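This report refers to the structure that appears directly beneath it.
The values are calculated or read from the model by the stated rules, or taken from the named source; none is laboratory data. All figures in this text were calculated on a predicted structure; none of them were measured in a lab. Cβ coordinates were reconstructed from backbone atoms using ideal geometry, including for glycine residues, and neighbour counts include every protein chain displayed.
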Amino acid sequence: MYLNLGKNLEEVKNFLSEIKQLWDKTESLFENEPHKFAGDIRELKAFLKNEFQRYEDARKSGTPPEKSGLEGAPLLYAVITDDKESIDYLLKLIEGEEAFVVKIGADGAVWGTGTYEQLDYRWSFAVINLLENIFNGNYNDKEFPKHSPSYKSTSISNRCKIAVIGDWGAGYNWLSSPPNKDVANSVNKMSPDIVIHLGDVYYAGTSEEEMNNLVNIFPKGSHGTYALNSNHEMYSIAIPYFKAVSEPPFGYQDNTSYFALENDNWIIACLDTAFFAPVEKMFLTGSLGKDSVQIPFFKGLINKAKTENKDIIIMTHHNGMEGKGISDSTEIWDEITSILKEENFEGRVFWEWGHAHCAYTCNPINNIFGRCIGHGAIPWGKGSDFYIGKGSNLNWFEDKTQKEEDSTLLMNGFMILELDGTKITETFYDQRGNKSITLINGK
């Protein structure tokens, strides 16, 4: 399926009816044959209920939720539970019959009904894909593509320019001048050696979306173009994603979603935190997979770095820290830092992630420098999490506004990572190619 709806109310109602039918069918099958499911449909429903309740509390109080959570969840939960009052209210928002004041959540999420905002009903398409795959047992049978026996880390120059872009795959047809198109144009002007996408092709990483919103328009590196897997790609079991990364302009990562780049001073470990994430949480919380081949792969890279006195750059889709840069706030932080500790790695670690649609940098924790580069496309604003001072571990966040006369939305953008011997230079740029901050770290 592919979603191509405007705001025609009848089309929207038909779409929502399809979601309800599919949910009922899936729920019924789970009650009779739960062994056919990779996750627990009851846990998924409880997860959606919690998301809905956060939205309801926020609506009644007039204060947006602190965390964005699952986009589109309020309408989705109202539909599957036949909450007609909430459905009618949300449909009136879609039609513009009810006034809605756009508000910014603590984490920068935009609580509005526009395209790619939190209450955009099209996010429900991701759930339709998820439910179809759950119903058909496709998540049970998913197989994680592994490297060929001859695979080795890709060698890169000791002086190298890498463009890092996160959460960019929104396509170019949602605005007359979309910010992700500005990002691509700005990156191309900088002629990077390598370009890496940290993941997310919207709404659900379908074949058509991967082709139109990523493959055909993503900026290219002169020596390689790469892409990570993400929660949105997993709504289509990442099958279109794996096809995309096996073909030009990609095709450099051995048809897998985990890979490494290496020179005399650095190892860049690119890891898949989406494939093994829990289905019943909509793949929102990252994981490397308890027994996945990624664990020995990552440990091997760490030990190679120790032996050869190299530092490590980690790239993942899921964020290691939340907006305030607090280290104990995500499960993937615990996974990755426990492996680094287990392997007694004492070198520098720069961890770059997306998933959160914002941009910030963190003070180092145990020699780990966290950077969020998730502002490639999705609208975002300055939430209350973004400040420097007591209670925050941030040392920078993007605060340039899209328009001088309107401070609601902040700039989208990307990062240029430059390696020069043991020195690493990280420069954040806004979507128009203007420099926001440069961070330099050398031995």
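Observations, loosely collected:
- Across segment 38-70, the number of residues qualifying as touching a residue at least 40 places away in the same chain (Cβ under 8 Å) and part of a helix (DSSP H, G or I) comes to 5.
- For I267, the conditions (1) outside any helix (DSSP H, G or I); (2) in contact with a Ser or Thr (Cβ under 6 Å, 6 or more places away or on another chain) are fulfilled apart from (2).
- Some residue of segment 71-81 being more than 22 Å from W380 (Cα to Cα), assigned to a loop (DSSP other than H, G, I, E, B) and in contact (Cβ under 8 Å) with a residue 60 or more places away in the chain: no
- Any hit, segment 277-299, residues being touching a strand residue (DSSP E or B) at 6+ places or on another chain (Cβ under 9 Å), hydroxyl-bearing (S, T, Y) and at pLDDT 95 or above: no
- Condition met for S148 (hydroxyl-bearing (S, T, Y), at pLDDT below 95 and outside the structural domain of D420 (by TED's automatic domain parsing)): yes
- Scanning segment 412-431 for residues that are hydrophobic (A, V, I, L, M, F, W, C) and crowded, with 22+ Cβ neighbours inside 10 Å yields F414, M415, L417, L419, F428.
- For segment 220-238, a tally of residues being closer than 14 Å to E209 by Cα, crowded, with 23+ Cβ neighbours inside 10 Å and among the hydrophobic types (A, V, I, L, M, F, W, C) returns 2.
- Qualifying residues in segment 110-169 (those that are aliphatic (A, V, I, L, M) and closer than 30 Å to D88 by Cα) - the one nearest to the chain's Cα centre (by Cα): A126
- Looking across K67, K45, K25, K92, one residue alone is exposed (fewer than 14 other Cβ atoms within 10 Å of the Cβ), modelled with pLDDT under 90 and not hydrophobic (A, V, I, L, M, F, W, C). It is K25.
- Scope segment 335-356; condition in a loop (DSSP other than H, G, I, E, B) and either among the acidic types (D, E) or in contact with a His (Cβ under 6 Å, 6 or more places away or on another chain) (or both); matching residues: E343, E346, G354, H355
- Matching residues, segment 390-443, being in contact with a Cys (Cβ under 9 Å, 6 or more places away or on another chain), modelled with pLDDT of 95 or more and either not in a strand (DSSP E or B) or not assigned by TED's automatic domain parsing to the domain that holds T361 (or both): E398
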